[in-house]
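Below is one structure, written out as structure tokens, with a few remarks after it.
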Amino acid sequence: MSNRMWGGRFAEGPDAIMEEINASIDYDRKLYQQDIAGSKAHVHMLAAQGIVSADDAETIAKGLDTILSEIEAGTFTFSRALEDIHMNIEARLADLIGDAAGRLHTARSRNDQVATDFRLWVRDTMDTLDHQLHDLQMALAEKAEAHAGAVMPGFTHLQSAQPVTFGHHMLAYVEMLARDRGRFSDARKRMNECPLGSAALAGTSFPIDREATATALGFDRPTANSLDAVADRDFVLEALAAASITAVHLSRLAEEIVLWCSAQFGFVKLSDKFTTGSSIMPQKRNPDAAELVRAKTGRISGALVGLLTVMKGLPLAYSKDMQEDKEQAFDALSNLSLAIAAMTGMVGDMEPDVTRLKKAAGSGYSTATDLADWLVRVLGVPFRRAHHITGSIVGIASAKGIELHKVSLEEMRQVEAGITEDVYSVLSVDKSIKSRTSYGGTAPANVRKQARHWLKQLEKEAAGH
């Protein structure tokens with residue numbers, strides 16, 4: 001029996017193993033909406049150009065609408081023998097409308113068809129991710145405004161460094177996510193060109209109107225080179241690169257939530273909505289949602305590395321290797337969407353323990369830098385010498401097991417005779433954070449202003465949508 005897809009060139013059907021390795025319908029069925037939209041745009045253009053009749057075009061479009069309804073109703077039968085979503089839809093179209101279905105594939109190839117479908121799916125997905133990241137930014141900015149003055153320790157090397165505010169910490173992630181959204185936006189602009197009409201690799205001899213199909217599908221323009229159009233997967237790589245960086249940012253916040261929820265830190269609490277218990281230890285409340293967000297980063301960045309490896313040695317134009325472009329991308333971007341949703345929920349749910357945070361902010365001699373700055377500002381001491389003086393005073397405090405503000409004036413004067421009583425005005429954590437008024441600093445007034453700026457901007461964006 002001849003192969004149904006390939007016709008006269010192949011006298012026999014594929015070996016079972018060949019069918020197994022060759023089929024992609026198990027995952028590329030996800031492209032059904034995009035494939036049907038692309039086919040409808042294509043057939044309308046063919047009719048407008050007089051390449052197919054208006055009657056055939058209308059019959060094909062109605063048949064495609066029927067298939068869309070069947071898939072969404074769950075009554076469509078997908079066949080692995082037909083390899084992919086494109087051939088499954090085409091075969092069903094032939095069952096529905098007969099020979100007219102064969103006219104749909106005029107002036108196109110599966111190469112430009114799949115490139116178009118996949119661009120549409122990635123574009124749609126990036127738009128969804130952008131909306132989700134907007135919502136996460138909003139949750140963080142709201143938390144920042146609510147806790148603009150809540151003092152907490154700022155860390156370097158996970159060691160107490162200087163006091164900051166909880167709101168300032170939340171706004172750091174708002175900034176990161178803004179850059180993430182910018183990367184997705186830039187990638188979207190570059191990918192918004194339509195491959196449809198490039199055919200297999202060389203274009204077509206039919207008098208098609210590629211501008212028309214590009215416009216119908218919401219692209220800015222058609223792709224300019226047919227070889228590049230069917231061979232390009234930069235758009236997926238860019239999306240996965242942006243996704244990987246976003247996932248890293250989510251993972252860093254997830255890691256902090258895991259630490260902050262521990263008994264040793266006790267900085268924040270998560271409710272039962274985002275924690276689980278232990279099968280054997282009844283006291284446990286595990287931040288599993290945060291841990292899973294952290295873990296998702298591996299599969300998301302792994303998808304980027306996987307596709308880079310697939311593409312690195314491929315000659316132009318299309319090779320079957322490129323069928324491996326979709327499964328990991330689907331998985332990675334879907335899991336990023338889930339991770340963003342989980343993180344948005346956790347940010348809204350978590351409540352900081354402001355008393356515990358403030359107590360921790362004063363530990364570890366976190367106002368030492370304030371002492372050094374005071375020596376420079378008030379006594380005119382060069383900073384390097386001020387650093388040395390401060391280190392000596394911290395050494396006294398450490399040896400006695402006391403906080404910096406409890407070192408006596410007499411003991412400080414033994415290190416630097418010019419120190420006055422005024423030095424104690426900078427050694428409390430509250431005064432430390434209030435002094436950090438430089439642009440981007442942690443002073444509560446700064447944090448409130450910046451949080452309100454972000455909330456206003458994000459609300460304006462939401463209204464624009």
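The values are calculated or read from the model by the stated rules, or taken from the named source; none is laboratory data. Nothing here was measured: the structure is a model prediction, and the numbers come from that model. When we count neighbours, we look across all protein chains shown, and the Cβ atoms used for this are built from the backbone with ideal geometry, even at glycine. SASA here: full protein model, heavy atoms, side chains in, ligands and nucleic acids out. Shrake-Rupley method; radii C 1.70, N 1.55, O 1.52, S 1.80 Å.
Listing for the model above:
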| quantity | calculated |
| --- | --- |
| Complete set of residues in the range 176-203 that are among the polar types (S, T, N, Q) and exposed (fewer than 15 other Cβ atoms within 10 Å of the Cβ) | 185 |
| Evaluation of residue 105 against (1) closer than 21 Å to residue 249 by Cα; (2) over 21 Å from the mean Cα position of the chain (by Cα) (one fails), failing number | (1) |
| Positions within the range 392-409 being among the polar types (S, T, N, Q) and open to solvent by 60 Å² or more (accessible area, probe 1.4 Å), in sequence order | 398 |
| Residue under evaluation residue 165, criteria (1) touching a residue at least 12 places away in the same chain (Cβ under 8 Å); (2) β-branched (Val, Ile, Thr); (3) out of contact with any strand residue (DSSP E or B) (no Cβ under 8 Å at 6 or more places or on another chain), criterion not met | (3) |
| Top-ranked residue of the range 410-429 - restricted to ones that are over 29 Å from residue 444 (Cβ atoms) and hydrophobic (A, V, I, L, M, F, W, C), ranked as most open to solvent (accessible area, probe 1.4 Å) | 417 |
| Test for residue 351: is it assigned by the TED database to the domain that holds residue 430 and more than 20 Å from residue 160 (Cβ to Cβ) | no |
| Any hit, the range 104-121, residues being open to solvent by less than 30 Å² (accessible area, probe 1.4 Å), in contact with a Cys (Cβ under 7 Å, 6 or more places away or on another chain), of a type outside the set (D, E, K, R) and not assigned by the TED database to the domain that holds residue 34 | yes |
| Any hit, the range 428-435, residues being among the polar types (S, T, N, Q), assigned to a loop (DSSP other than H, G, I, E, B) and within 15 Å of residue 362 (Cβ to Cβ) | yes |
| Condition broken by residue 97, with the remaining ones in (1) in contact with an Asp or Glu (Cβ under 8 Å, 6 or more places away or on another chain); (2) part of a helix (DSSP H, G or I); (3) free of Cβ contacts under 8 Å to residues at least 60 places away in the same chain; (4) open to solvent by less than 50 Å² (accessible area, probe 1.4 Å) satisfied | (1) |
| Residues located in the range 45-78, provided they are under 28 Å from residue 26 (Cβ atoms) and assigned to a loop (DSSP other than H, G, I, E, B) | 74, 75, 76, 77, 78 |
| Pair list, Cβ < 9 Å and 6+ apart or interchain, from the range 427-443 residues that are farther than 21 Å from residue 394 by Cα to residues that are open to solvent by 50 Å² or more (accessible area, probe 1.4 Å) and hydroxyl-bearing (Ser, Thr, Tyr) | 441/435; 443/435; 443/437 |
| Selected residue [surrounded by 14 or more Cβ atoms within 10 Å (Cβ to Cβ) and either in contact (Cβ under 8 Å) with a residue 60 or more places away in the chain or in the same structural domain as residue 174 (by the TED database) (or both)] from 360, 372 | 360 |
| Members of the range 436-456 found to be part of a helix (DSSP H, G or I) and either of a type in the set (Asp, Glu) or exposed (fewer than 14 other Cβ atoms within 10 Å of the Cβ) (or both), listed by number | 445, 449, 453, 456 |
| Members of the range 150-175 found to be of a type outside the set (A, V, I, L, M, F, W, C), surrounded by fewer than 22 Cβ atoms within 10 Å (Cβ to Cβ) and not in a strand (DSSP E or B), listed by number | 157, 175 |
| Unmet criterion (only one of (1) of a type in the set (Ser, Thr, Tyr); (2) free of Cβ contacts under 8 Å to residues at least 40 places away in the same chain; (3) in a helix (DSSP H, G or I)) for residue 246 | (2) |
| Test result for residue 139, under 26 Å from residue 449 (Cβ atoms), touching a Gly at 6+ places or on another chain (Cβ under 8 Å) and crowded, with 24+ Cβ neighbours inside 10 Å | no |
| Near pairs, Cβ below 8 angstrom, 6+ apart or cross-chain, from the range 249-269 (under 14 Å from residue 350 (Cβ atoms)) to any residue that is basic (Lys, Arg) and in a loop (DSSP other than H, G, I, E, B) | 261/285 |
| Qualifying positions in the range 129-149 - small (Gly, Ala, Ser) and outside any loop (DSSP other than H, G, I, E, B) | 139, 141, 144, 146 |
| Residue in the range 381-396 that is within 46 Å of the chain's Cα centre (by Cα) and modelled with pLDDT under 90 present | no |
| Selected residue (criterion: least open to solvent (accessible area, probe 1.4 Å)) from residues of the range 225-276 that are among the basic types (Lys, Arg) and under 22 Å from residue 296 (Cα atoms) | 252 |
